[in-house]
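Have a look at the structure below before the remarks.
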Amino acid sequence: MVLKEIPAENITRPLGRNEVIGLLFRLTIFGAVTYFTIKWMVDAIDPTRKQKVEAQKQAEKLMRQIGVQNVKLSEYEMSIAAHLVDPLTMQITWRDIAGLDEVITELKDTVILPIQKRHLFEGSRLLQPPKGVLLYGPPGCGKTLIAKATAKEAGFRFINLQPSTLTDKWYGESQKLAAAVFSLAIKLQPSIIFIDEIDSFLRSRSSSDHEATAMMKAQFMSLWDGLDTDFNCQVIIMGATNRPQDLDSAILRRMPTRFHINQPSIKQREAILKLILDNENVEAAVDLCEIAKETDGFSGSDLREMCRDAALLCVRDFVHNAEPEGIPENDYIRPIQQSDLRKAIEKMKRSKTAGVPNMLMHPALD
């Protein structure tokens, strides 16, 4: 085979303008294809990468809102910081909770005061704030409201921890996220780590638990106990549940301060009704004491829904009394009457006593 000799002038010849443009174009296309190929491979390996980037942006925004500056956070702490709640944006205060005066007073004395007036309790280890607070009782009775109001009134940093935040497909990542919860809370102290429905996350351990779940629980409890080693640590873990019997005994030990938020009594129901109907148009003849007697077994959430149904009856009358053209004779919604509240009570009782099959067969119980 005879190789054709290439003239030396062709080797050293400079490229023309069109040749340079063509070469740059091919390099750009090659670079873009390479970039998107690598990006696709990274996203395929870690499908949660996009959510992590969004969580980091949300965390940075929240940190600016709550006024945290010059605090360096790790990647894992950023993931947890995305669940921070700015106390200034919370609308719940002690005035928005009725019928739980004793619980609120004890919370102020045992949890908030030792942190706000630290100089009064510096010489005592017995009077330090608890590391764990458990709110338990039937659903709809104000457990979550109390946690939010505590953070609002005390001015604590509030971490609304979701169990899904600590789960990850990679082995060992859940333990690092659990560690980040406590390291972030310490950096932002005074702070509250709130876990709603804590029984779903820290239920009793058994041999049937998955290895990753068991390790995450062990890591969480180990770090939780480690807070006691720091005498000046101002981190409180607050949990809410309606199934305290499902909690692990080791978790109950770590939550020595417990408040039973039970179904409201007659006086508590009357106070809740007054709070709910405070800014509503209610007829002067309405007897809330009588309504409170007729709502035995109702939670605070039930009472609110009952009052909403009674207010909707007034709206329905307003719509039904409209003229055929759809224009009401007088642009006025009548006040809530005693009869409206009684009708709403009957509807609520039917919905509370109806079984699931009946509700599926008769979705409208009005």
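Worth pointing out:
- Scanning region 235-246 for residues that are under 18 Å from N262 (Cα atoms) and either assigned to a strand (DSSP E or B) or among the hydrophobic types (A, V, I, L, M, F, W, C) (or both) yields M238, G239, A240, T241.
- Residue within region 149-162 that is in contact (Cβ under 8 Å) with a residue 12 or more places away in the chain and over 23 Å from W94 (Cβ atoms) present: yes
- Scanning region 70-91 for residues that are surrounded by fewer than 18 Cβ atoms within 10 Å (Cβ to Cβ) and not in a helix (DSSP H, G or I) gives N70, V71, K72, S74, D86, M90, Q91.
- For region 92-123, a residue qualifies if it is part of a loop (DSSP other than H, G, I, E, B), under 21 Å from L145 (Cβ atoms) and over 17 Å from the mean Cα position of the chain (by Cα), and the qualifying residues are I97, A98, G99, L100.
- Within the option set A185, A218, being among the small types (G, A, S) and surrounded by fewer than 17 Cβ atoms within 10 Å (Cβ to Cβ) holds for one residue only, A218.
- The condition (being under 16 Å from D96 (Cβ atoms), polar (S, T, N, Q) and modelled with pLDDT of 85 or more) is satisfied by just one residue among Q263, Q268: Q268.
- Enumeration of residues in region 135-151 that are over 11 Å from I97 (Cβ atoms) and in contact with a helix residue (DSSP H, G or I) (Cβ under 7 Å, 6 or more places away or on another chain): L135, Y136, G137, G140, A151
- Leading residue by the ranking (surrounded by the most Cβ atoms within 10 Å (Cβ to Cβ)) among those in region 277-307 that are in a helix (DSSP H, G or I) and without any contact (Cβ under 8 Å) to a residue 24 or more places away in the chain: L288
- Any hit, region 155-177, residues being out of contact with any Lys or Arg (no Cβ under 7 Å at 6 or more places or on another chain), closer than 16 Å to I115 by Cβ and surrounded by fewer than 20 Cβ atoms within 10 Å (Cβ to Cβ): yes
- Condition met for K274 (farther than 22 Å from K352 by Cα, outside the structural domain of I236 (by TED's automatic domain parsing), surrounded by fewer than 19 Cβ atoms within 10 Å (Cβ to Cβ) and not aromatic (F, W, Y)): yes
- Options T229, T213; residue that is over 20 Å from the mean Cα position of the chain (by Cα), at pLDDT below 80, farther than 17 Å from Q175 by Cβ and of a type in the set (V, I, T): T229
The values are calculated or read from the model by the stated rules, or taken from the named source; none is laboratory data. In this text the structure is predicted, and so the values were computed from the model without any measurement. Cβ sites come from the backbone with ideal geometry, for glycine too, and all protein chains shown count toward neighbours.
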